Amino acid sequence: MKPRLLDILGASKLILSAPMAGATGPDLVAAVCNAGGYGVIPLWNRPAEHASAAIDELKALTDENFAVNLNLSFPYEKQLETCIEKGVHGVSLFWGMEATAIARAKAGGLVVQASVGSADEARIAADAGADVIVAQGWEAGGHVWGQVSTMALVPAVVDAVDVPVIAAGGIADGRGMAAALMLGASGVWIGTRFLASTEATIHEVYQSRILQASETDTQWSRDLYDVTWPDAPHRALSNSTSRAWADAGKSASGNRPNEKEQIGERPNGDPVVRYQSYTPLPQTAGNVEAMSLWSGQGVALVRQIMPAADIVEEIFQDAQKCLQTGASAL
C-alpha cells in the first residue's frame, strides 16, 4: 500500500502551490501552508545566501512544512546544501532527473518530490528514492517538461510507482482536483490559479490578462521565450510577441521579429528583451504585455483575485462536494 501523502507532507489538505519562479514568494507559500496546504517556493534562481534569507523569511511566516524547488538544469548544489543546513522539510526537483541529487537530499533528511512527464521517468525517480512524484501534464503553464496531457499521464504514473503521485497541469478548481483524485492522484499541484491571489508577486498587467484569458489563449512552444533559458519548452499567454512570431513563420532564434529589442526593465534596472524568459514583477517597467506571461490552460477558470488561503479552502471544499456528488450518482 502506498504511503499517505498527508502523512509525508504533514499537511491537512491535498493541495500544493506550484513553484512559479518570480510569482511565488514567501507570502504566497506561507499563506498556502497556513491554510492547510503545502507550499513550494522556487529558489533555484537565487544565490545560496539569498536562498537562505528567503527560507528564514518564510519560516518567520509559518510553522508549517514547505518545500524548496530546485532546477536541475542550473547549478543547484549550493542551494540544496542550504536547504539541508536550514532543516527545510522538503525539496522539489524538476527539469531532469539526477539520482545523485535525490540521494543527497534524502541523506540530508529532506522529503523529495520529483517532477516527471512520463511513467518511465516516474519509475526511475521512485527507484532512486523519491518520496513523491509530481506528474506534470502538457496543460501546465510556465516551463513544461513532458508532452502528455494530465488526464492520460496521471493514471499511467499512478500505476507505475508505489509512492504518492501529485497531479499537475490544468487544475484550477475543485472539479479538477476531484477528477485528479479519481484518476488515482494523492494530491494536486496548483499554479495558474494562484497567479490571481493577492500574494502573487506579478505585474498588474499580467494579472489582468490572466483574469481575461480563455482556455484557448495560451501557446505552447519549444523556443519562443528562450533568452536566458534555451531548450526549455513552455506555455504562456498569447500576446503581441507570440503573434508576430507566429505570423513570421515561427522562425528560429536569430531570425525572429524585433529580436534583441529591449521592451522593459526589471525593478533593479536590468533590461528585459523580447523573447526573454522572465516573469514580470509588480515594479517591472515597459511593455509588460509583450513579455512572457506564463499560464496554463486552466486559466479560463480563473476569474477573481482572492487571498491564497481562500483559494485553498474553496478548491478543497468544492472537491469534497464533487466527490460526494459523484459517489451518490453511481
Can you give the translational diffusion coefficient of the chain in µm²/s, computed by Stokes-Einstein from the Kirkwood radius over Cα pairs at 4 °C and 1.567 mPa s?
65
So the label point goes 7 Å from the Cα of Ala53 along Cα→C-beta, right? Which residues of the range 235-272 then have their backbone N under 15 Å from it?
268
What number in nm² do you get for the range 218-294 if you take the convex hull of its Cα atoms and divide its surface by four?
4.5
For Phe194, Phe74, Phe66, which order do you get if you count the other beta carbons within 10 Å of each Cβ and list the fewest first?
Phe74, Phe194, Phe66
Ranked on Cβ counts within 10 Å of their own Cβ, fewest leading, Met291, Met97, Met306, Met20 go Met306, Met97, Met20, Met291
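For the chain, what is the calculated [θ] at 222 nm in deg cm²/dmol (nearest 500), taking -39500 (n - 2.57) for each run of four or more DSSP H residues and dividing by its residue count?
-10500 deg cm²/dmol
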Hull shadow area, averaged, the range 184-330 [alpha-carbon convex hull, nm²]
10.7
Have a look at Gly141, Gly254, Gly187 and tell me which one the Gaussian network model of the chain (Cα, springs below 10 Å) gives the largest fluctuation.
Gly254
From the Cα centre of the range 47-115 to that of the range 169-199, the distance in Å is 23
In what order do Asp7, Asp217 fall by count of nearby beta-carbon atoms within 10 Å, going from fewest to most?
Asp7, Asp217
Whole-Hz ³J(HN,Hα) from phi, Karplus 6.51 cos²θ - 1.76 cosθ + 1.60, for the range 168-176, glycine and proline x
9, x, x, 9, 9, 8, x, 4, x
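Every number here is computed from the coordinates shown, using simple stated rules; none is lab data. Computed from a predicted structure; not experimentally measured. Reconstructed Cβ throughout: ideal geometry from the backbone, glycine too, with neighbour counts over all protein chains shown.
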